[in-house]
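Written out below as structure tokens is the structure these notes cover.
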Amino acid sequence: MQTPANPTIPYGMGWAIDKTDEGKKQVMHGGILWTYKAEEVLLPDQGYGIVMMFNSGLNAFVDYSSFPSGISKILLNQPTTEPFYNSQIIEIFMVVLIIATIMIGIRKIKYIKKWEEKFKKRPKWWFILSLTFTLLPFFVFIFLPQLMTFIGGGRVISMKGIFLMMPSIIIWLGIASVFSLIHVISRITRIIHLKNLT
């Protein structure tokens, strides 16, 4: 027999106990692996069980639980509602973020001389710290499969799989990485040029 760790927590062995809008019991469970996602909803009082499996990979912008939730509402003759969290809102945000990243990247390239003036007044350790911070998106992009494997508890995923999960985030990270490399190379080039002049 299983004894709950805490009787106030409606969760055990991967299953969560909740209630429908009508106050009826429902039991839910979700499974995640980078290449698939599964959602289950059991409605014991009504005699229904809904299982949905997705083989498109885990997508950060998809509310997977809304699928079985919507089907259960249809089965129970309840009105369905579109969740506030949907891919369209997040994709619009990502487009804005990509445009902002491009504009900031171009602005930094355009105003390299202003950076040069600031560089002359700052200590060398500040420059090294600044370059390291600037290269952060590049390092995240390069080591993303290893980071995701670590986050996923050892579940290995390729860059292609990560792209299928969250394409707009990878596009943004790729653009940010390119600009970070351009900024670092242009700054190092300016410093070498300054040293050659002195």
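The values are calculated or read from the model by the stated rules, or taken from the named source; none is laboratory data. As the structure is a computational prediction, the values presented were derived from the model and not from experiment. Glycine gets a Cβ as well: all are built from the backbone with ideal geometry, and neighbour counts include every protein chain shown.
See the values below:
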quantity: Near pairs, Cβ below 6 angstrom, 6+ apart or cross-chain, from segment 167-189 (assigned by TED's automatic domain parsing to the domain that holds Lys110) to any residue that is not in a helix (DSSP H, G or I); calculated: Ser180/Leu135; Val184/Leu135
quantity: Residues being at pLDDT below 90, surrounded by 14 or more Cβ atoms within 10 Å (Cβ to Cβ), in a helix (DSSP H, G or I) and β-branched (Val, Ile, Thr) - total across segment 135-183; calculated: 3
quantity: Single match in Met28, Met94 (criterion: at pLDDT 85 or above and within 25 Å of Ile162 (Cβ to Cβ)); calculated: Met94
quantity: Candidate set: segment 13-46, residues that are in a strand (DSSP E or B) and out of contact with any strand residue (DSSP E or B) (no Cβ under 7 Å at 6 or more places or on another chain); chosen: the one nearest to Ser72 (Cα to Cα); calculated: Ile32
quantity: Matching residues, segment 47-65, being outside any loop (DSSP other than H, G, I, E, B) and either within 21 Å of Ile157 (Cβ to Cβ) or modelled with pLDDT under 75 (or both); calculated: Met53, Phe54
quantity: Test: residue in segment 3-10 that is surrounded by 12 or more Cβ atoms within 10 Å (Cβ to Cβ) and at pLDDT 80 or above; calculated: no
quantity: Filtered residue count, segment 87-117, keeping only those that are more than 30 Å from Ser65 (Cα to Cα) and touching a helix residue (DSSP H, G or I) at 6+ places or on another chain (Cβ under 9 Å); calculated: 11
quantity: Residues of segment 116-134 satisfying the condition of being exposed (fewer than 13 other Cβ atoms within 10 Å of the Cβ) and charged (D, E, K, R); calculated: Glu117, Lys118, Lys120, Lys121, Arg122, Lys124
